[in-house]
Amino acid sequence: MTQDSKASEPNAARFDRRKNILFGRDKDSIIKGFFGSTATVAIVVLALITLFLFKEGFGFLGSYHKSLQEYRLSGLEYVDILKEPRDDFSALNRYLNDIRAEWIRDLNARGLSREAVSRTVTSPKAKALFLSYIRAGSQLRGFIKKKMDAAIEVRDRYQTNENLRETLQGYAEKIEAVSEPGYRLSPEDRAQFALRLKESIRDNTLQADKLPANQEILAALEKGSPLTAAAQEIYLQLLRKQYLKTEATLRPVDFSQSINTITDEQERYAEILFNLEMDIRKVLKRADAIDFENKSLDKRIQRFRELNDQYLASIPKHKAKLASWDQNVEVPLWRALAAFLAGKDWVTASDQQDWYGLLPLLSGSLLISLIALFFAVPFGVGAAIYVNQIAGPLERNLIKPYVEFVSAIPSVVIGFFGVVVFGEAIRLLSQFEFMAWVPFFPLQERLNAFTAGALLALMAIPTIFTLAEDAINNIPRHFKEASFAVGATRLQTTLRVIVPSALSGIISAVMLGFGRVIGETMVVLLCAGNRIKIPDFSEGLGVFYQPVHTMTGIIAQEMGEVVRGSVHYRALFMVGIVLFFVSLLINYGAQWVVKKYRKVGD
């Protein structure tokens, strides 16, 4: 057969066709380059985001360490030790007021009139207990308030001096730059020069005979004219004057001297604690004169006595802690990191000391994620198994699109639904009498961890369902056929062959669902209650109905209000870094579990 006859055949392969060339490259190389460049851009963008995150976040340790040093040097740390017995006494006072409130409720339940209840709880015996106990801590509160004000004044003066020194450094650099011949005004310098010159003309601080010339310079500045030698000299004069004026406001702070004002009056403080102990013991004796006629109240009064005994027994340890405090002990850098990772308080914009503790946010995020996965995993995986292995074509075509449609609902809509409908419905349900058997019902808060977790479960179910269903669908068909061949039922095949074979994919689906939950922002910001406090796990299942805050929620809530470069600003980036590592840990854990399962299977 000749070459021409081969070419004339309709089905003959033609490998000699010339490729289309565009800009010196063929079609295959262009497509390859397009996808390769897209992947490269994605990697570069991810790298830039990671670098920016770590760059802004790592500056937090130095700034927070400096803040902790000022906290110690100014004496605020000493004042916080002084506040410990005051805070414990306030907690005891709240406990006693709670007993009084329960007493009032008991008297009302007995059918006493309002006047009779008022006479009972305001009788001399009752006042001798409740009112006298409140007054017992007045001297302690006044003493600590005085010391706290002194420490805050020292700290604020030091921080003001630091800011003034930075301002003076800026003026010095500006004066040096303006002194150079041929200096050109920047738009910011021109605006500053015009402002200073207007103030000087208004206040007549410059010589009167130069007033017309200064007005001409001001007009030239407003027109954008170049800087003349005379105008440059006047600008330098105004800058030097502002430098000297700012320098005069500096008030040097000597921490070694100012601390004496805070740590003095040791004998006075010991006398106050002694008087407090005597007053408490007198008040406790008066409690025996009141007959509550209620065993529950009698037990609470007995418990109140025990708590006061523990409180008084802790005072010697408190005095020893005060005596061992030393202003000159260096604050190590690791303490800043430890205070962030293990801190139990997140307090910002405080007039005393800002604290950036991660534990309340991390515990809130994990608690909500646990609730969400509790609902999402069985529903998502169960729905995937049913749709893929059990449901008929009609059910499959009905269930699968509707489940996946949930992922298209905006998170803000789900959060709004939680605020208006779901959270309020749970709270109202807890108030019905047939729910009184639940220990932590009725609920006081409609926005809590359970509300946010249940809604996040709704958002995670489509992710888990889709990925788990794909994993089950990728199991080779002959696995199923071999199981049927040996006489297994459909349910046995599903549970003993299909699901174990797809377990690695199902675990990956659950992990990705976990990542979806812990990284969600809008729902937790709207529905979690936003109370920055570590959940009280001693309440058992009631912990799930407590308001919490999350890592994503705190970033979204506070990032728009912080000053760029401040300690608070960098603390939020540190929270972002923790989220970054949590995501890495989730993915690494998923890969480790999958690899281990595969090794066991092999």
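The values are calculated or read from the model by the stated rules, or taken from the named source; none is laboratory data. The model shown is predicted, which means the values in this text are computed figures rather than measured ones. Positions of Cβ are backbone-derived with ideal geometry, glycine not excepted, and every protein chain shown enters the neighbour counts.
Observations
- Test for Ile409: is it over 17 Å from Ala457 (Cα atoms), assigned by TED's automatic domain parsing to the domain that holds Glu469 and of a type in the set (A, V, I, L, M, F, W, C): no
- Taking the conditions (1) among the acidic types (Asp, Glu); (2) under 30 Å from Gln159 (Cβ atoms); (3) surrounded by fewer than 18 Cβ atoms within 10 Å (Cβ to Cβ) in turn, Glu424 satisfies each one other than (2).
- Residue tally, condition within 11 Å of the chain's Cα centre (by Cα) and farther than 22 Å from Ala452 by Cβ, over region 349-366: 1
- Total residues in region 389-400, condition in a helix (DSSP H, G or I) and either outside the structural domain of Leu456 (by TED's automatic domain parsing) or crowded, with 16+ Cβ neighbours inside 10 Å (or both): 2
- Any hit, region 51-61, residues being modelled with pLDDT of 90 or more and either assigned to a helix (DSSP H, G or I) or surrounded by fewer than 15 Cβ atoms within 10 Å (Cβ to Cβ) (or both): yes
- Scanning region 509-521 for residues that are more than 14 Å from the chain's Cα centre (by Cα) and closer than 26 Å to Glu424 by Cβ yields Arg516, Val517.
- Whichever residue in region 401-418 is among the aliphatic types (A, V, I, L, M) and part of a helix (DSSP H, G or I) and, among such residues, is surrounded by the fewest Cβ atoms within 10 Å (Cβ to Cβ): Ala408
- Which listed residue, of Arg531, Arg496, is free of Cβ contacts under 8 Å to residues at least 60 places away in the same chain, closer than 30 Å to Ile390 by Cβ and either assigned to a loop (DSSP other than H, G, I, E, B) or in the same structural domain as Ser430 (by TED's automatic domain parsing) (or both): Arg496
- Some residue of region 581-597 being hydrophobic (A, V, I, L, M, F, W, C) and within 18 Å of the chain's Cα centre (by Cα): yes
- Residue within region 303-311 that is of a type outside the set (S, T, N, Q), under 27 Å from Gly75 (Cα atoms) and either touching a Cys at 6+ places or on another chain (Cβ under 6 Å) or assigned by TED's automatic domain parsing to the domain that holds Thr263 (or both) present: yes
- Residue selected from region 326-343 under the condition surrounded by 14 or more Cβ atoms within 10 Å (Cβ to Cβ) and of a type outside the set (A, V, I, L, M), by the criterion farthest from Val582 (Cα to Cα): Gln327
- Residue within region 148-162 that is over 30 Å from Arg86 (Cβ atoms) and of a type outside the set (Gly, Ala, Ser) present: yes
- Within region 522-541, considering residues that are aliphatic (A, V, I, L, M), more than 13 Å from Ser363 (Cβ to Cβ) and surrounded by fewer than 21 Cβ atoms within 10 Å (Cβ to Cβ), the one modelled with the highest pLDDT: Met522
- Positions within region 208-255 being in contact with a Leu (Cβ under 9 Å, 6 or more places away or on another chain), under 15 Å from Ala194 (Cβ atoms), assigned to a helix (DSSP H, G or I) and not polar (S, T, N, Q), in sequence order: Ile217, Leu218, Ala220, Leu221, Ala231, Ile234, Tyr235, Leu238
- The numbered conditions (1) over 30 Å from the mean Cα position of the chain (by Cα); (2) farther than 18 Å from Ser407 by Cβ; (3) not aliphatic (A, V, I, L, M) are all true for Pro442 except (1).
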